[in-house]
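Report on the following structure.
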Amino acid sequence: MTSAMEGNLDYIDNYFAGALSGEEMTEFSRKVETDPAFAHEVSFYLSMFRAVKDEGKQERKARFQQIYAQSLAGRRRPGTSVRRIWQFAAAAAVLALAVLSVMYLLPGSGRDPGSLADAYITKKFATLGVTMGTATDTLEKGKALYNEKKFAESLQLFETLLRSDSSDFEALKFAGIVCLRQGNYEKALWYFTRLQHVPGLYANPGKFYRALVLLKRNKAGDKKMAKQILEQVSNEDLEGKEEAEKWLKSW
Amino acid sequence: MMKPEEYDLLMGLQQTGTGRRKYEEMLFRRYDYFIREAQKKYGFDGEDAFDMYSDSVISAIDHIADGRFEGRSSLKTWLYQIFHNKCVSLLRRKATNKNSIHRTVAIPDMFLELSDAAQSVLDKLIQEADFEKLKLKLGHLGENCRRMLALWSDGSSDREIAAVMEYKTADVVKTGRLRCLEKLRQLYHSAQ
């Protein structure tokens with residue numbers, strides 16, 4: 001690869017990664033319009049993207065075909081679904097017994113992560129700071145209701161805001177916090193995952209808050225996943241890094 | 001409104017790497033009765049009905065992975081809407097005897113930020129690429145390259161790819177990824 005071509009590939013890749021400034025994007029468009037050789041390189045980059053994407057799609061379809069064929073075969077065999085239900089029920093009972101045994105036999109098991117999360121929640125989410133004199137603002141009203149422990153009503157207001165702007169990061173953050181306080185961990189994870197994906201946010205706590213919810217929920221596998229996320233928060237220097245590093249030390 | 005059991009599935013579909021496969025299959029299985037419905041309601045044969053449903057699931061996965069699904073309706077309702085629209089489009093194509101293969105062209109989001117003139121230039125040039133040859137040459141890349149490019153085309157950032165494939169930094173991934181793309185280009189243009 002010549003260095004000119006290397007440079008162009010990097011430049012093209014940076015464009016499609018959204019890494020260029022507004023001015024640079026305009027210049028990129030102009031170059032595509034006026035430089036045929038460059039336009040060919042860009043089109044080939046897009047063709048490669050399309051080919052890879054299409055291969056991924058075909059691979060998924062092949063997997064789905066297999067699954068569907070197995071599912072149809074299973075439906076045709078009489079008694080199979082009833083037998084399967086009993087098998088799943090038996091497996092679930094064994095698994096539940098194993099989990100309960102681990103929880104009761106291993107001292108301290110399951111307590112540490114939950115207590116770390118509890119302490120953080122008690123300290124940071126007891127109340128939400130309300131800006132004085134902004135009682136008419138929906139966000140502030142929502143926070144005020146939260147502080148009065150009217151969680152359902154506060155969530156309604158945050159969700160109203162999200163209906164007009166689904167990437168309103170404050171509404172996402174507070175909606176997630178309310179759900180966490182209500183014990184609706186799945187919904188809290190949903191809001192914090194959306195928060196994590198809000199682009200251009202300087203200090204995005206989405207990932208850290210996801211780890212927090214997983215520690216609080218503490219279902220099978222949650223502790224391990226929370227640890228992985230906390231490690232990412234630390235390595236990527238994200239919001240919550242200081243807490244993440246403290247918690248990882250005491251794991 | 002989303003149902004509580006749908007949130008776990010959505011979380012799983014937003015993962016990167018092989019962890020997501022389990023949730024893709026879960027999503028497929030959960031509503032695969034849509035296929036029978038397509039056969040009864042629209043009169044499709046088994047193959048068409050399967051194609052419509054699996055294309056809908058793949059489209060849904062892409063939207064969820066990109067964070068474009070906002071959860072205003074239940075997952076089932078939203079998926080059914082995608083599925084219904086695809087079935088209606090197919091019925092129309094069959095009714096007008098159009099034989100062209102319907103393909104939704106995958107393009108990165110930033111393509112739409114280009115000027116209209118630049119998009120037209122590129123649209124024409126993309127048609128000229130031998131797409132099947134390109135896919136064939138993709139098979140000649142090493143396993144690491146294919147995996148990295150697959151994650152990239154699924155919308156994973158270089159940082160996410162580094163975490164999944166255990167590379168040291170996002171920069172290392174980027175360099176590797178561009179090398180893979182350049183290798184693919186050379187394979188495509190080679191005489192063999």
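The values are calculated or read from the model by the stated rules, or taken from the named source; none is laboratory data. Bear in mind that the values here come from a model prediction, so they are computed numbers and not experimental data. Neighbour counts run over all protein chains shown; Cβ positions are idealised from the backbone, glycine included. SASA here: full protein model, heavy atoms, side chains in, ligands and nucleic acids out. Shrake-Rupley method; radii C 1.70, N 1.55, O 1.52, S 1.80 Å.
General remarks:
- Shielding score for B:73-80, defined as the mean number of other chain Cβ atoms within 10 Å: 0
- Only protein heavy atoms count here, probed at 1.4 Å, and on that basis chains A and B bury about 6200 Å² of accessible area in total.
- Cysteines without a disulfide-compatible neighbour (Cβ-Cβ under 4.7 Å), chain B: B:Cys87
- Interface residues of the range B:116-130, defined as a loss of at least 50 Å² in heavy-atom accessible area between the chain alone and the complex of all protein chains with a 1.4 Å probe, are B:Leu122, B:Leu125, B:Ile126.
- B:Thr175 versus A:Trp251: modelled label distance in nm, points set 7 Å from Cα along the beta carbon direction: 2.8
- On Cα atoms only, tilt of B:116-128 relative to the major axis of chain B in degrees: 90
- In summary, the protein assembly as shown shows an alpha-carbon radius of gyration equal to 1.10 times the 2.2 N^0.38 Å reference for compact globular proteins.
- Degrees between helix B:170-189 axis and first principal axis of chain B (Cα, 0 to 90, nearest 10): 90
- Among the residues of A:188-195, the average count of other protein chain beta-carbon atoms within 10 Å of the residue beta-carbon is 4.
- Counting only residues at least eight positions apart within a chain, or on another chain, the lysines with an alpha carbon under 21 Å from that of B:Lys124 are A:Lys31, A:Lys53, B:Lys133, B:Lys135.
- In the context of the full set of protein chains, the protein assembly as shown has a per residue accessible area of 54 Å² (1.4 Å probe).
- Helix axis angle, B:19-30 relative to chain B longest principal axis, alpha carbon, degrees: 20
- Calculated FRET value between A:Glu170 and B:Glu25, using beta carbons and R₀ = 45 Å, to 0.05: 0.80
- Low-density loop cleavage sites - trypsin sites (Lys or Arg not before Pro) in the range B:1-82, where at most 15 other Cβ are within 10 Å (DSSP): B:Arg68, B:Arg72
- Accessible surface ranking that places the most exposed of B:Ser56, A:Ser166 first, with a 1.4 angstrom probe: A:Ser166, B:Ser56
- FRET efficiency, A:Glu242 to B:Glu70 (Cβ-Cβ, R0 30 Å, nearest 0.05): 0.40
- Residues along the range B:134-181 losing 50 Å² or more of accessible surface when the other protein chains are present rather than the chain by itself (probe 1.4 Å): B:Leu134, B:Lys135, B:Leu138, B:Trp152, B:Ser153, B:Arg159, B:Lys174, B:Leu178, B:Leu181
- Span per principal axis, largest first, for the Cα atoms of the range B:26-94 (Å): 33, 24, 17
- The apolar share of the surface of the protein assembly as shown, taken as the fraction of accessible area on carbon and sulfur atoms (1.4 Å probe, ligands and nucleic acids excluded), comes to 53 percent.
- When A:Asp35, B:Asp32, A:Asp112 are compared by accessible area at a 1.4 angstrom probe, the order from most to least is A:Asp112, A:Asp35, B:Asp32.
- FRET efficiency for A:Asn147 and B:Asp8, using Cβ-Cβ distance with R0 set to 25 Å, rounded to 0.05: 0.25
- Normalised per residue, the volume of the convex hull around the Cα set of the range B:64-192 (Å³): 179
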